[in-house]
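Engineer: One structure coming up, written as C-alpha cells, with questions to follow.
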Number of protein chains: 4
Amino acid sequence: MKEWKDKWVIILGGSSGLGLASAKKLASEGLNICIVHRDRKSYLPAFNEEVKKIESLGVKVKTFNQDALKEETRNGILQSFPKNSVKLLLHSIAKGSLKKMSGTLSEVLTAQDLEISIHAMAISWYEWTQALVQREIFIKNARNIAFTSEGSTRVWPGYGAVSVAKSVLEALMRNMALELAPQQIATNCIQAGTTVTASFMAIPGSIDLAEMAKKRNPFNRLTEAEDVANAVYLLCRPEANWINGTTIKVDGGESLS
Amino acid sequence: MKEWKDKWVIILGGSSGLGLASAKKLASEGLNICIVHRDRKSYLPAFNEEVKKIESLGVKVKTFNQDALKEETRNGILQSFPKNSVKLLLHSIAKGSLKKMSGTLSEVLTAQDLEISIHAMAISWYEWTQALVQREIFIKNARNIAFTSEGSTRVWPGYGAVSVAKSVLEALMRNMALELAPQQIATNCIQAGTTVTASFMAIPGSIDLAEMAKKRNPFNRLTEAEDVANAVYLLCRPEANWINGTTIKVDGGESLS
Amino acid sequence: MKEWKDKWVIILGGSSGLGLASAKKLASEGLNICIVHRDRKSYLPAFNEEVKKIESLGVKVKTFNQDALKEETRNGILQSFPKNSVKLLLHSIAKGSLKKMSGTLSEVLTAQDLEISIHAMAISWYEWTQALVQREIFIKNARNIAFTSEGSTRVWPGYGAVSVAKSVLEALMRNMALELAPQQIATNCIQAGTTVTASFMAIPGSIDLAEMAKKRNPFNRLTEAEDVANAVYLLCRPEANWINGTTIKVDGGESLS
Amino acid sequence: MKEWKDKWVIILGGSSGLGLASAKKLASEGLNICIVHRDRKSYLPAFNEEVKKIESLGVKVKTFNQDALKEETRNGILQSFPKNSVKLLLHSIAKGSLKKMSGTLSEVLTAQDLEISIHAMAISWYEWTQALVQREIFIKNARNIAFTSEGSTRVWPGYGAVSVAKSVLEALMRNMALELAPQQIATNCIQAGTTVTASFMAIPGSIDLAEMAKKRNPFNRLTEAEDVANAVYLLCRPEANWINGTTIKVDGGESLS
C-alpha cells in the first residue's frame, strides 16, 4: 500500500505469537517493523532468524530486547521516531498472574498481583499511546490495536488477574476510541480465539484447553496466529478508517457457544 | 481479486443506501452483482443510472424489481444461479413498523406488526440463506452478512418492532455462524452508525436524529454508506475467513457514549 | 403483604416447572393465582393436587386448561378480571422447535418453525401484556416478568429457534420497560440457570446437559424451580419498584464460565 | 429477619449517598452497621445525626473515620469482628480521577491516575473481601456487593478513569462470584441510575447531567439513594441466595435508551 511507504508499526511483545505473526503480515504489505520484546538469550537465535525473514520482505526492522513496561524504555525507543511516522501501535503483551482467589494467604491472588497484571497487560498500552500522541508520532488515520480474549467477560478459577486486566484493556480501548478520534486515531481490540502460542503453552493444562477449544470451534480447528495477523492487517487498510471503538472477534466462532 | 472472478454477490434491498454502496464497492473489486429490490416506477430512472455505473466497472449486473420476501421471487431468481457461484449474500432490507407500544387499541403496535417486521428484516435473511445452501450456490469461503443497528440493544419509543427485528437478526447470525461453518460459510452482522439513507429519512424526526448522531460521533460526522460498504468489502477479503459469528460496529465510535 | 390482598397473578404456563413454583411462592405470600396451562388428561390429577396445595394457603385459584396462544382464550379469561386487579403477569411458556439449521430440506429448521417458536415463547407475552393494559387490569406498581435463558446469547446446534425466541423476549422486555413505565408497570426478565423441569427433560441429551451444568455451577448444584420462584417474589416486593428493563440472572453463577 | 440478629454489615464509604441509605434500610431490618468513611470535621455533626437515627432503630453502630484504602485501617477494624459475624460487605467508594485523555502532558490522565482510581474504586473491594475471607468473618450465605454504573460500558470524555475502574469492579465481581461460591458467599454488583449524591454533585456539569438523566428515565424521575438501598436489601434476603455473579440495574430503565 502506497500510503504505508516509510511508515512504521510498533509492536509491544512482538517476538512470538500474535505479535510476530502480525509483524510478518504487515511487513509483507510494506510497513517497517519495530519490535519491543523481552526474551532470554536462548531464544535470540530463533528470533533473529525471524527478523531476517521480515527484512527479506524489503522493509526496515528495529528490535529492542528491553522491558516495554518501563518509562525509560519507552522514552529511549520513541526518541528515534520522527513525527508522523507510525501507522500502528500494536499491544501484544501477555503477562498475568495465574493465582486463585481462594486458598491460603500465601498462595492467594493479591492486590499487587492484580496491579502488576493490569499494568503489564493494559495500562502499558495507554502509556505508550499517550507517549506517541504527546510526541505527535502517529500519522493521520493511525491505528491503535490491542489483543483481548474471551476472558474479559467469561471467568475461570485462576484467571482472575487476566480477566480483570482484559476488562481494563477493553475499557481503555473504548475511552481512547472516544477521546483520540479527534486526532484521527482509530482504536480497537481484537478478541482472538484460542491460539497455541508460547504464552498459551505456559498455562497449566493448556493441552486440554486447546483440545476443548478445537471441539468447541464450529470450524473444528484452533485459531492460528496468522488468522489474527490477517485481522490486524484488515484493520490497517484504509477501508477500516471508520471502525473505531469496537472489539472484533477473530475466533472462527469459538466463543459463540 | 482473482478468486472472485465470475463470482456473484446477491444483495437483498440493494437499490439504495448501504446495499447500493456495497454493490458499487464490490463491483469495483470485480464481483458480479445481483440486486433484488422493490421500487416504484418513479425511482427506476435514477436506479438504472446507478446500474450503468456498476456495469461500467466491467462486471455483470442482474436486477430484479420483485418482492424479496416471497418464496416465488426467491425460487425464480435462484434458479438462474449455478452451484458454486455466490461469494456473498448481503441482507439490507429495512422495513419495520414504527408504531408505539402505548396508545389506543387502533394505533398501538400489534403482534402482526411485530411479525411482519421480524419476517422482512430478519427471517427473510434466513430463508434466502437456506435456499442458497440447499441449492449449493455458495462457494467455499462464502460470506453471509446482514446490517444491524444500535437499536438491537438500545430502545426508543416507537422503535419496538425494529428493535425486536434486529435482535432476531443478530440471533440468527450467531446460530447460522455456528451451524453453517462446516459448509465454509462465514456469517456476521455489521452494525452501521447513523447513515442518511432514504429509509432513514422516512423516519419522523430524522433530521434531528442525524444532528444528534453527528454531535455524539467522536469524529464529528455521520456514517456514510461508503464507510459501511468498505467494511463489507473487508469482510469479503480472504484475510477475513476466520471472522465468524460477530457483530462489527462501523460507526466511528458513535455508539460508545 | 397487605397491598397484595385480593390481587391476582396470571401465570402463562403455570402447571409445572418455574411457573408452578412461582405460583406456590406467591400464593404463600397472599396473592391469588390464575394459571393458564395446556396439559393432557393424564397430567390433570397431579396438577389438581398442586392446585389444592395452593388453595390451602388461603388464596383463590383459577385454572384454565386452554391454549394461551389464542386470542379467544385471552379474551375469555381476561373478561373475568376487573380493572386494577392484577399485580403480576408471568410468562413461562416454553415451546420451541429443536430442529437444526443444517441438513436436508425436509428436516431443516424452517421460517415457519421460527415464527411459531417466536410467537409462543415471546410475542404471546406482548399480546397478553397489551390485552391487560388495554383493559386496565394491571394495578399501580404492577410487574411484568418473563423467563429467559443463556440461550439468548449463547448458541448450540439445534437451539436456533429457542435462541431467536429468547432474543425476541428480551428485546420485547426492554421496549415494554421503556414504553409501559408511564403506566407504572415494571418489566423484567429472569435468566434461570439449568433447571430440571418437564420441558427441560424433553430435550434430547438433557441428562448429560444437567450433569455438565452442575459441574459448571460454582455452587456445584443445579438451579431449582424454587430458586427462580424466589426471585420472582423479590421482584414483586415493593422494594423492587425501581428495577425495570433488566435481565436478572438466577443461576448461582452457572453462566459465568 | 431472625437469621440477621447480631449480624453485621460493613459499609465502605457509608457516610452519605448510596452507602448511608443502605445502612438505614438494613438497620431497619435488624442488621448491625459498621461504617468506614473519610470525612472532614465539618461534615461530622451531620453524620453523627444520621448515626443516631440508625441507632434509634435498635441496632449497634460502629463508625471509623479512617482511610479504607489502607491495610492498617482494614486490619485494625477487622480485628474487632469475630468469626461468622458479617452478613454483608458493601463497597461504596467513589473516588476517581476526572482528567481527560487528550490535552497537554501536564493535564492529561496519567497511568498513576488510572491506578489510583482502580485501587480506590475496585481493588480495595477485593482487598477487604480477602481480608474477611482469610479471617472467616463472613457468615454462611453472606453477601458481597459493590456499586457500579453505566460508565462501565458507556464512555464520556473525562470519565476514562471511572470507566476503567468500574470495569475492574465488574470483572472482580464475576471472578469472586465464581471462586468464593464454595464458601457460600454470593457476589454481585448493583448498577445504580443517576442519583444526586454528594459525589455526583462534585462532578462538573452535574446539574445538566441530572436534568438529562431525568428526561431519559422512562419514569421521568431520577434514581434516589433509597431505591438502591432497597435493592441491596432484596439481595440480602434469603430468597436471593441463588443470585450470584450478576449486575442488577436499579435505574428505573434509565440506561435502556
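The values are calculated or read from the model by the stated rules, or taken from the named source; none is laboratory data. Not measured: the values here are computed from a predicted model. Reconstructed Cβ throughout: ideal geometry from the backbone, glycine too, with neighbour counts over all protein chains shown. The accessibility values were calculated without ligands, DNA or RNA, using every heavy atom of the protein model including side chains. Shrake-Rupley method; radii C 1.70, N 1.55, O 1.52, S 1.80 Å.
Engineer: Residue A:144 fails exactly one of the following numbered conditions: (1) closer than 17 Å to residue A:18 by Cα; (2) without any contact (Cβ under 8 Å) to a residue 24 or more places away in the chain; (3) open to solvent by less than 10 Å² (accessible area, probe 1.4 Å). What is the number of that condition?
Structural biologist: (2)
Engineer: So, one more: For residue A:124, which of the numbered conditions (1) in contact with a Phe, Trp or Tyr (Cβ under 7 Å, 6 or more places away or on another chain); (2) at pLDDT 95 or above fails to hold?
Structural biologist: The number of the failed condition is (1).
Engineer: Right, here's the next one. Here are some conditions: (1) within 8 Å of chain B (Cβ to nearest Cβ); (2) open to solvent by 10 Å² or more (accessible area, probe 1.4 Å). Residue A:245 meets all but one. Which one does it not meet?
Structural biologist: Unmet condition: (2).
Engineer: Could I ask something else about it? Kindly provide the set of residues from the range A:227-239 that are among the small types (Gly, Ala, Ser) and either in contact with a Lys or Arg (Cβ under 8 Å, 6 or more places away or on another chain) or open to solvent by 20 Å² or more (accessible area, probe 1.4 Å) (or both), ordered by number.
Structural biologist: The answer is A:229, and nothing else.
Engineer: Given the residues D:130, D:112, which is the only one that is open to solvent by less than 30 Å² (accessible area, probe 1.4 Å) and within 14 Å of chain A (Cβ to nearest Cβ)?
Structural biologist: Within the list D:130, D:112, the selection yields D:130.
Engineer: Another question about this same structure. Taking the conditions exactly as written (within 14 Å of chain D (Cβ to nearest Cβ), under 25 Å from residue B:181 (Cβ atoms) and of a type in the set (D, E, K, R)), does residue C:179 satisfy them or not?
Structural biologist: Criteria not met by residue C:179.
Engineer: Please work out if residue C:155 is over 19 Å from the mean Cα position of the chain (by Cα), more than 9 Å from chain D (Cβ to nearest Cβ) and either among the β-branched types (Val, Ile, Thr) or part of a loop (DSSP other than H, G, I, E, B) (or both).
Structural biologist: Yes; evaluated as a whole, the condition is true for this residue.
Engineer: Quick one: is residue D:158 open to solvent by less than 30 Å² (accessible area, probe 1.4 Å) and at positive phi?
Structural biologist: It is true that residue D:158 is open to solvent by less than 30 Å² (accessible area, probe 1.4 Å) and at positive phi.
Engineer: I'm trying to understand the selection: among the residues of the range C:115-124, which are within 10 Å of chain B (Cβ to nearest Cβ) and either open to solvent by less than 30 Å² (accessible area, probe 1.4 Å) or of a type in the set (D, E, K, R) (or both)?
Structural biologist: C:115, C:118, C:122, C:123, C:124
Residues checked against (1) without any contact (Cβ under 8 Å) to a residue 24 or more places away in the chain; (2) buried (at least 21 other Cβ atoms within 10 Å of the Cβ); (3) in contact with a helix residue (DSSP H, G or I) (Cβ under 6 Å, 6 or more places away or on another chain):
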position	(1), (2), (3)
D:12	no, yes, no
D:15	no, yes, yes
D:51	yes, no, no
D:62	no, no, no
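Engineer: May I ask you to list the residues in the range D:123-144 that are of a type in the set (A, V, I, L, M, F, W, C), outside any helix (DSSP H, G or I) and out of contact with any helix residue (DSSP H, G or I) (no Cβ under 6 Å at 6 or more places or on another chain)?
Structural biologist: D:137, D:139, D:142
Engineer: Could you check, for the range D:52-73, whether at least one of its residues is within 21 Å of residue D:196 (Cα to Cα) and not β-branched (Val, Ile, Thr)?
Structural biologist: The answer is no, given that none of the residues of the range D:52-73 is within 21 Å of residue D:196 (Cα to Cα) and not β-branched (Val, Ile, Thr).
Engineer: Moving on. Would you confirm whether or not the range D:168-175 contains a residue that is more than 15 Å from the chain's Cα centre (by Cα), in contact (Cβ under 8 Å) with a residue 12 or more places away in the chain and surrounded by 18 or more Cβ atoms within 10 Å (Cβ to Cβ)?
Structural biologist: yes
Engineer: Select from the range C:67-95 the residues that are in contact (Cβ under 8 Å) with a residue 12 or more places away in the chain, under 22 Å from residue C:165 (Cβ atoms) and open to solvent by 30 Å² or more (accessible area, probe 1.4 Å) and list them in ascending order.
Structural biologist: C:67, C:69, C:71, C:94, C:95
Engineer: Next question. So which helices (runs of 4 or more DSSP H) stay within the range C:161-241 end to end and still have 2 or more residues that are closer than 23 Å to residue C:86 by Cβ?
Structural biologist: Passing ranges, in order: C:225-236.
Engineer: Another one. In the range A:192-226, which residues are open to solvent by less than 20 Å² (accessible area, probe 1.4 Å), touching a strand residue (DSSP E or B) at 6+ places or on another chain (Cβ under 7 Å) and either under 20 Å from residue A:257 (Cβ atoms) or at the interface with chain B (Cβ under 10 Å from one of its Cβ atoms) (or both)?
Structural biologist: A:192, A:193, A:195, A:223
Engineer: Please go through (1) crowded, with 21+ Cβ neighbours inside 10 Å; (2) over 20 Å from residue A:27 (Cα atoms) for residue A:105 and return the number of the only condition it doesn't satisfy.
Structural biologist: Every condition holds for residue A:105 apart from (1).
Engineer: Tell me which of these residue D:237 doesn't satisfy, since it passes every other one: (1) more than 19 Å from the chain's Cα centre (by Cα); (2) closer than 25 Å to residue C:223 by Cβ.
Structural biologist: (1)
Engineer: Please enumerate the residues belonging to the range A:163-176 that are among the charged types (D, E, K, R) and more than 14 Å from chain B (Cβ to nearest Cβ).
Structural biologist: If the condition is that a residue be among the charged types (D, E, K, R) and more than 14 Å from chain B (Cβ to nearest Cβ), then A:166 is the only one that fits.
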